[in-house]
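J.: Submitted below is the structure of interest, expressed as structure tokens.
The values are calculated or read from the model by the stated rules, or taken from the named source; none is laboratory data. Keep in mind that what you see is a predicted model, and the values were worked out from it rather than measured. Note that each Cβ is placed from the backbone with ideal geometry, even for glycine, and that neighbours are counted across all protein chains shown. SASA here: full protein model, heavy atoms, side chains in, ligands and nucleic acids out. Shrake-Rupley method; radii C 1.70, N 1.55, O 1.52, S 1.80 Å.
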Amino acid sequence: LGKRVMDFTLSFLLIILLSPLLVLVALSIKLTSPGPVFFVQPRVGMNKRSFKLLKFRSMFIDAEKRKAELAHLNEMDGPVFKIKNDPRITRIGHFIRKTSIDELPQLINVVRGEMSFVGPRPERPHFVAELCKVIPFYEERHVVRPGITGWAQVRSGYGSSIEDAQIKLEFDLFYIKHICFSLDLAILLDTLKVVVIGRGAR
């Protein structure tokens, strides 16, 4: 309950404080590339319930339809993992990804109760279905709310393969086992460091 109260209060205050920046980014996206301001994508949350995750759009519209160009980098059918130097990213998209500004709309997901500030990053239903088949205990990461940031993100960065997903799961399970306020605070401080120096941003 304390974690939920903190999540709601902080996210609500941040939305108000960052509203000028949010408006500026939204206008920049709208004026520099055709398409919606927000990128809405289904993700799997606590208790395996699906929800719509919000991000500022950083890719050209219909980016998934261009995955044929990247087929040689994708080992799974359907959506592709994040890849380096992704040609689907817009000019403004590179900046907001590098600075993690594209993640700010997820504060709305936190207010709604779909996410927390800290927790395992929510994956897409397609990936969850595939990874549950090949990685033991993968479903266990859904016993808590997913987070904007997490222990796996500050310790292992982005994943680009099934092997990376297995390593990230180890960090997620460690977090779930040892979840507490001090660990959340440490992860948030590490996340600020990552954002400031841009390490791991893609």
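J.: Loop only per DSSP, at most 15 neighbouring Cβ atoms within 10 Å: give me the trypsin sites (Lys or Arg not before Pro) in the stretch 105-178, ordered by residue number. Write out the running numbers ahead of the final one.
T.: Values: sites: Arg112, Lys133, Arg141, Arg155, Lys168, Lys177; in loops: none.
Filter output for the stretch 105-178: empty list.
J.: Tell me, what is a quarter of the convex hull surface for the C-alpha atoms of the stretch 116-202, in nm² with one decimal?
T.: Numbers: hull surface 21.4 nm².
Average projection, Cα convex hull of the stretch 116-202: 5.4 nm².
J.: Quickly rank 3-12, 89-98 as a protection proxy: mean count of other C-beta atoms within 10 Å, highest first. Walk me through the numbers before you get to the answer.
T.: Details: 3-12: 15.0, 89-98: 17.6.
Put in order of decreasing packing, that is 89-98, 3-12.
J.: Taking a probe of 1.4 angstrom, what is the accessible area of Ile148 in Å², to the nearest 10?
T.: Roughly 40 Å² of Ile148 is accessible to a 1.4 Å probe.
J.: I need the chymotrypsin sites (Phe, Trp or Tyr not before Pro) found in the stretch 109-139, filtered to DSSP loop residues with at most 14 other beta carbons within 10 Å of theirs. Before the final figure, lay out the partial values.
T.: Working: sites: Phe117, Phe127, Phe137, Tyr138; in loops: Phe137.
Hits after loop and neighbour filter: Phe137.
J.: Then there's this: Can you work out the accessible area per residue across the stretch 103-174, with the rest of the protein chains kept in place, probe 1.4 Å, in square angstrom? Write out the running numbers ahead of the final one.
T.: On the way: 2990 Å² over 72 residues.
That works out to 41 Å² for each residue.
J.: A 26 angstrom limit on the alpha carbon distance is what I want to check against. Which of Lys30/Lys193; Lys98/Lys177; Lys3/Lys30; Lys30/Lys168; Lys55/Lys168; Lys3/Lys168 exceed it?
T.: Values: Lys30/Lys193 29 Å; Lys98/Lys177 31 Å; Lys3/Lys30 35 Å; Lys30/Lys168 34 Å; Lys55/Lys168 22 Å; Lys3/Lys168 23 Å.
Lys30/Lys193; Lys98/Lys177; Lys3/Lys30; Lys30/Lys168, as the Cα separations exceed 26 Å there.
J.: Can you give me the accessible area per residue for the stretch 1-58, using a 1.4 Å probe, in Å²? Walk me through the intermediate numbers first.
T.: Details: 3580 Å² over 58 residues.
So the stretch 1-58 comes to 62 Å² accessible per residue, rounded to a whole number.
J.: To continue, here is another question. Of the listed peptides 17-27, 44-54, what is their order by residue-averaged count of other C-beta atoms within 10 Å, with the highest listed first?
T.: On the way: 17-27: 12.7, 44-54: 16.8.
Peptide ranking by packing, descending: 44-54, 17-27.
J.: Still on this structure: So, with a 1.4 angstrom probe, what is the percent of accessible area on the stretch 1-62 that is carbon and sulfur? Walk me through the intermediate numbers first.
T.: Details: 2950 of 3880 Å².
That fraction is 76 percent.
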